[in-house]
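Structure first, then comments.
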Amino acid sequence: MVTKKALITGITGQDGSYLAEFLLSKGYEVHGIIRRASTFNTSRIDHIYSDPHEEGVRLKLHYGDLSDAETINNIVYNVRPDEIYNLGAQSHVRVSFDVPEYTTNVVATGTTRLLESIRRSGNHIRFYQASSSEMFGSASPPQSEGTPFAPRSPYACSKLYAYWLTKNYREGYNMFACNGILFNHESPRRGETFVTRKITRAVAAIAAKKQEHLYLGNLKARRDWGYAPEYVEVMWKMLQQERADDFVIGTGETHSVEEFVDEVFDYVGLKKDRYVRIDPKYFRPTEVEVLIADPLKSKEALGFEPRIKFRELAHIMVDADMRAAGLEPVGEGDRILEQRFPRRWWAVD
Ligand code: NAP
Ligand code: G4F
């Protein structure tokens, strides 16, 4: 059997690391683009990495950057992948207000560089674009594939450009290019400054007596939070369809940041009022108030049905952060993982 090759931008991120693990479990040769940094930035993929001198190694890393067309072209040309997953991004919405030009360069123009590179290669490469529910912005919930977009940040505007370009290359050049419009998805590998992880880490640090307070911004914002490993499986499914298309992926539930705080503090038996403080610096110039997916299309076409919802997600993340802080986990999150995913393809954090 011929081994399929996948190329992942953003392989060192939350989703990239799970996706790499998933594709390796499916027998793929996986290529990832990593950025040169002065300290190691590969901690999420270290457990699947082997010395390239060993025989049969199927994970291969290449230095590159979405802001550098020449390198992107070389990698696409040399690797000749069957599938490309474009997950690389300056993905923090609040930070995109501080670095709007850089965010546009990587997220919007970076996608142009990749799509052009595929087009010019003349190879039949299936393309996945990591589009975002942030593109819906102030659009009334629930949001589906047919909802008009109303982006509220430089990040969302850049993602919307990349979304349209992906559609444009599909229609203009008959490329197999899909947009996965994913609602927020989290895990113990979530970046430490996104709100869920910030909360679960803080609770573990407070329990370990290493932190006194947790400073947050807008507690009223509502999000549709799912579990990242389930979301990367569906990225792959999109590229296995007969026809390229765009799909909304989410749980269909919405909860406020405040509800997440309550769930997490209750779970470990701490009183939130003693620890949680508001710092206006975490508010955004323009906020996305409510996101809720209408995931009907992905349920019918891709069979997507999330097994982990809000409460379980919070427990899984807290258990992992308690362990990382050197404490005994409460245990409910670990039990849920064992029960719901008896044949897990990812390493538990
Ligand atoms: P993440 O953890 O922030 O990972 C982002 C990845 O992009 C990292 O590997 C990062 O590398 C890489 N990257 C950043 N700038 C780059 C550049 N200039 N060139 C090449 N790579 C670069 O994000 P994630 O949560 O895994 O999300 C994956 C993708 O899905 C992103 O595009 C994100 O915008 C999108 N998305 C995420 C969600 C969500 O809820 N997680 C929802 C919808 C869409 P370093 O490790 O070196 O920083
Ligand atoms: O966790 P967040 O920073 O995620 P946000 O802005 O929803 O973006 C994430 O999800 C998008 C999908 O919809 C992705 F495209 C994007 O790449 C990223 O993964 O913030 C969630 C909510 C916001 O309303 C924010 O204002 O939490 C609120 N919040 C309140 N206090 C905070 C904080 N957010 C952060 N990061 N830090 C706080 O202290």
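Here are some notes:
- Every residue from segment 129-146 that is over 19 Å from Phe97 (Cα atoms), over 18 Å from the mean Cα position of the chain (by Cα) and touching a residue at least 60 places away in the same chain (Cβ under 8 Å): Pro141, Pro142, Gln143, Ser144, Glu145
- Unmet requirement for Ala89, which otherwise passes all of (1) near ligand 1 (Cβ under 8 Å from one of its atoms); (2) surrounded by fewer than 18 Cβ atoms within 10 Å (Cβ to Cβ); (3) hydrophobic (A, V, I, L, M, F, W, C): (2)
- Restricting attention to segment 162-179, the residues being in contact (Cβ under 8 Å) with a residue 40 or more places away in the chain and more than 17 Å from Tyr85 (Cα to Cα) number 1.
- Cβ pairs under 8 Å, 6+ apart, first in segment 182-195 and free of Cβ contacts under 8 Å to residues at least 24 places away in the same chain, second surrounded by fewer than 24 Cβ atoms within 10 Å (Cβ to Cβ): Glu192/Lys198; Glu192/Arg201
- Of all residues in segment 56-78, those satisfying the criterion of being within 22 Å of Trp345 (Cα to Cα) and either loosely packed, with under 15 Cβ neighbours inside 10 Å or in contact (Cβ under 8 Å) with a residue 60 or more places away in the chain (or both) are Gly56, Val57, Lys60.
- Taking the criterion of being touching a Lys or Arg at 6+ places or on another chain (Cβ under 6 Å) and assigned to a strand (DSSP E or B), the residues of segment 248-290 that qualify are Ser256, Val290.
- For segment 215-233, a residue qualifies if it is farther than 16 Å from Ser187 by Cα and within 16 Å of ligand 1 (Cβ to nearest atom), and the qualifying residues are Ala221, Arg222.
- If the condition is being of a type in the set (S, T, N, Q) and either at pLDDT below 95 or in contact with a Ser or Thr (Cβ under 7 Å, 6 or more places away or on another chain) (or both), then segment 7-38 contributes Thr12, Gln14.
- Condition check for Arg119: closer than 19 Å to Met235 by Cβ and not polar (S, T, N, Q): no
- Some residue of segment 341-349 being closer than 15 Å to Thr251 by Cβ and at pLDDT 95 or above: no
- So Gly13, is it in contact (Cβ under 8 Å) with a residue 24 or more places away in the chain, over 18 Å from Met238 (Cβ atoms), buried (at least 18 other Cβ atoms within 10 Å of the Cβ) and within 13 Å of the chain's Cα centre (by Cα): yes
- Candidates in segment 238-264 are the residues that are more than 16 Å from ligand 1 (Cβ to nearest atom) and within 24 Å of Phe304 (Cα to Cα); of these, the one that is surrounded by the most Cβ atoms within 10 Å (Cβ to Cβ) is Ala244.
- Among the residues listed as Tyr85, Tyr77, the single one being touching a strand residue (DSSP E or B) at 6+ places or on another chain (Cβ under 7 Å) and either within 30 Å of Arg284 (Cα to Cα) or outside any loop (DSSP other than H, G, I, E, B) (or both): Tyr85
- Filtering segment 38-71 to residues that are more than 16 Å from ligand 2 (Cβ to nearest atom), assigned to a loop (DSSP other than H, G, I, E, B) and within 15 Å of Gly10 (Cα to Cα) leaves Phe40, Asn41, Thr42, Ser43, Ile45, Gly64, Asp65, Ser67, Asp68.
- Filter result (closer than 25 Å to Arg284 by Cβ and in a loop (DSSP other than H, G, I, E, B)) within segment 196-236: Gln211, His213, Gly217, Asn218, Leu219, Lys220, Ala221, Asp224, Trp225
- Subset of segment 23-37 (residues that are assigned to a loop (DSSP other than H, G, I, E, B) and surrounded by 11 or more Cβ atoms within 10 Å (Cβ to Cβ)): Lys26, Tyr28, Arg35
- The condition of being closer than 30 Å to Glu116 by Cβ, more than 10 Å from ligand 2 (Cβ to nearest atom) and either buried (at least 20 other Cβ atoms within 10 Å of the Cβ) or not charged (D, E, K, R) (or both) holds for only one of Tyr231, Tyr267, Tyr227, that being Tyr231.
- Subset of segment 291-315 (residues that are touching a Gly at 6+ places or on another chain (Cβ under 6 Å), under 29 Å from Gln241 (Cβ atoms) and assigned to a helix (DSSP H, G or I)): none
- With respect to the conditions (1) within 19 Å of Gly180 (Cα to Cα); (2) of a type in the set (Asp, Glu); (3) more than 13 Å from ligand 2 (Cβ to nearest atom), Glu134 lacks only one, and its number is (3).
The values are calculated or read from the model by the stated rules, or taken from the named source; none is laboratory data. Note that the structure is a prediction, hence the values are computed from the model and not measured. Neighbour counts are summed over all protein chains in view; Cβ atoms, including those assigned to glycine, are modelled from backbone coordinates with ideal geometry.
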